1. In Å, what is the Rg of the alpha-carbon atoms in region 213-328, and how long is Dmax?
2. In nm, to one decimal, how far is the modelled label at residue 408 from the one at residue 453, with both set 7 Å along Cα→Cβ?
3. Taking amide H positions as placed in the peptide plane 1.01 Å from N, state which residues far from residue 205 in sequence (5 or more) or on other chains have amide H under 5 Å from it.
4. How far is the Cα center of region 342-392 from the Cα center of region 400-478, in Å?
5. With unit charges on the beta carbons (Lys and Arg positive, Asp and Glu negative) and the dipole taken about the Cα centre of the chain, which residue among 350, 52, 290 sits farthest to the positive side?
6. Using the heavy atoms of the protein chains and a 1.4 angstrom probe, tell me the accessible area per residue for the chain in square angstrom.
7. Find how much the distance from residue 466 to residue 26 grows on full extension, using 0.36 nm per residue of separation minus their present alpha carbon separation; answer in nm with one decimal.
8. Per q in 0.14, 0.23, 0.27, 0.28 Å⁻¹, report the Debye log10 I(q)/I(0) for region 394-443, using one uniform scatterer on each alpha carbon and no solvent.
Amino acid sequence: MQSTHLDVLVVGAGISGIGAGYHLQKECPGKTYAILEARERLGGTWDLFRYPGIRSDSDMYTLGYSFRPWTEAQAIADGPAILKYLRETAEAYGIDRKIRYGLKVERARWSSDQARWTVEAREVSSGRTIELTCGFLFMCAGYYDYDAGYTPELPGKERFRGRIVHPQKWPEDLDYEGKRVVVIGSGATAVTLVPELAKRAAHVTMLQRSPTYVVSAPEEDRIANWLRERLPSKQAYAITRWKNVLRGMAFYAYSRRWPDHAKKFILGEVGKQLGREQTERHFTPTYKPWDQRVCLVPDGDLFASIRSGRASVVTDHIETFTETGLQLKSGEKLEADIVVTATGLQLKFLGGLQMEVDGRAIEPSRTLAYKGMMCSDVPNMALSIGYTNASWTLKCDLTCEYVCRLLNYMDRHGYTQCVPRRNDPNIKESPLIDFSSGYIRRNIDKLPRQGSAVPWKLYQNYALDRVTLRHGKIQDGVMKFSRTGG
Ligand SMILES: Cc1cc2nc3c(=O)[nH]c(=O)nc-3n(C[C@H](O)[C@H](O)[C@H](O)COP(=O)(O)OP(=O)(O)OC[C@H]3O[C@@H](n4cnc5c(N)ncnc54)[C@H](O)[C@@H]3O)c2cc1C
């Protein structure tokens with residue numbers, strides 16, 4: 001029989017949840033835990049998205065876990081390869097046996113008297129609600145709505161006689177061979193889809209309202225592959241991981257410090273692939289590099305498909321759909337058989353969880369994020385969210401390590417409750433994420449805020465977090481511990 005009380009309840013079996021399972025088993029071996037997953041399979045993002053060409057846009061030496069080397073030759077990997085890596089990781093450590101599938105966590109109520117959460121989860125197949133209790137709730141539910149992606153208002157779309165699809169719900173039967181395809185969007189998904197669709201479609205047009213920074217990177221990391229042939233895989237992986245972390249941090253720091261130089265450099269590289277005119281018209285954003293995520297394309301595949309004539313870019317606004325395509329504001333018409341709305345995600349914080357603490361509903365946007373992983377005044381709850389300027393897993397690994405340290409600290413001192421308390425009136429608040437991307441802008445008011453100083457400030461800096469989360473004091477004067485309940 002499955003236990004209904006656990007020391008730790010993890011929500012979500014994607015990269016973060018599987019990582020949480022590994023760290024809990026290794027660093028808190030005495031703790032019982034389970035992972036509740038709404039879907040019937042593990043992998044999260046990497047199982048959900050099935051569009052052609054789906055791949056990572058950061059390298060796998062940093063998107064992979066610190067504890068499990070990525071040993072494939074590709075540094076930028078496709079979705080199925082990432083999913084295989086996640087499945088194998090879960091199996092190798094027996095984490096797969098801890099996952100309870102088909103359970104969507106909807107509510108959690110904290111009782112300070114009992115020092116435990118009562119968690120309500122809905123059995124997706126039957127609609128029945130079950131209750132579990134746990135001493136610590138670890139939310140690894142990602143950051144977006146699994147039910148549907150974001151689609152802006154598309155005027156006149158009912159007139160269109162072709163097919164409109166969203167990459168989050170790619171139809172298995174969609175045949176685009178020989179068809180005219182318009183991909184609306186300019187983010188990571190659009191730049192991934194365009195070269196892949198262009199291999200078989202009659203023509204693919206990427207229709208964007210405004211340009212994005214696009215950087216080409218080698219699909220294979222020659223140094224990584226060289227090291228792997230000469231060193232044990234763990235050592236080779238660790239070196240490559242550090243190389244890529246530092247390179248990523250250096251590029252980010254350079255872009256923030258000298259945005260004009262960085263812009264010139266990025267546009268110069270695009271110019272070598274596409275020439276000046278195309279670069280100025282379609283690849284020169286109005287914002288600074290890293291005000292939004294920079295898109296990565298392996299071996300310049302997007303540029304190659306544009307050069308070949310199989311794909312093209314149009315920067316314009318949609319006036320209306322017509323029966324046969326799109327009428328643009330400039331007067332131009334785009335004929336299409338298929339329109340792909342690569343218009344992004346719908347942000348969803350904590351997997352939509354409703355929380356109560358001692359009978360009081362918690363509004364996440366009224367809380368302050370503690371070390372980017374807990375919410376002020378919410379006891380015994382952490383969440384795993386990654387970086388916006390580097391691979392997600394880098395932060396998740398550190399978050400898991402910190403949570404395990406916290407749990408072990410509480411055990412050593414006999415504490416049953418920990419809660420970050422905002423005790424400094426001089427802390428100024430600002431939005432949690434300093435990013436101008438649409439999906440952040442649309443939802444920033446639903447997220448916790450960040451503060452102007454540690455431990456409330458989010459630095460988005462792996463090297464710094466590695467020091468503070470691994471070695472910083474658990475008892476920092478902000479985290480309050482107590483022995484209430486039993
Ligand atoms: C197309 C795409 C490409 C990306 N590429 C990169 C990349 O290259 N590099 C990078 O760093 N990041 C990338 N990201 C961000 C990416 O989402 C993260 O890297 C990572 O996969 C997130 O892992 P996660 O486990 O935190 O969340 P998810 O992968 O979203 O997994 C969350 C899991 O929680 C489950 N869940 C959610 N709510 C509940 C609930 N209430 N109850 C029970 N279960 C729940 C979901 O079903 C899911 O299985 C990409 C995102 C997308 C959409």
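1. 18.3, 59
2. Each label point lies 7 Å from its Cα, and together they span 3.0 nm.
3. Amide H neighbours of residue 205: 181, 182, 183, 312.
4. 11 Å
5. Sorting the options by dipole projection puts first 290.
6. For the chain, the per-residue accessible area is 45 Å².
7. 156.6 nm
8. These q points yield log10 I(q)/I(0) values of -0.68, -0.94, -0.97, -0.98.
The values are calculated or read from the model by the stated rules, or taken from the named source; none is laboratory data. Here the structure is a predicted model, which means the values were calculated and not measured. With ideal geometry, Cβ positions are generated from the backbone for all residues, glycine too; neighbour counts draw on all protein chains shown. When the accessible area is computed, the model is the full protein with side chains, heavy atoms only, and any ligands, DNA or RNA have been set aside. Shrake-Rupley method; radii C 1.70, N 1.55, O 1.52, S 1.80 Å.
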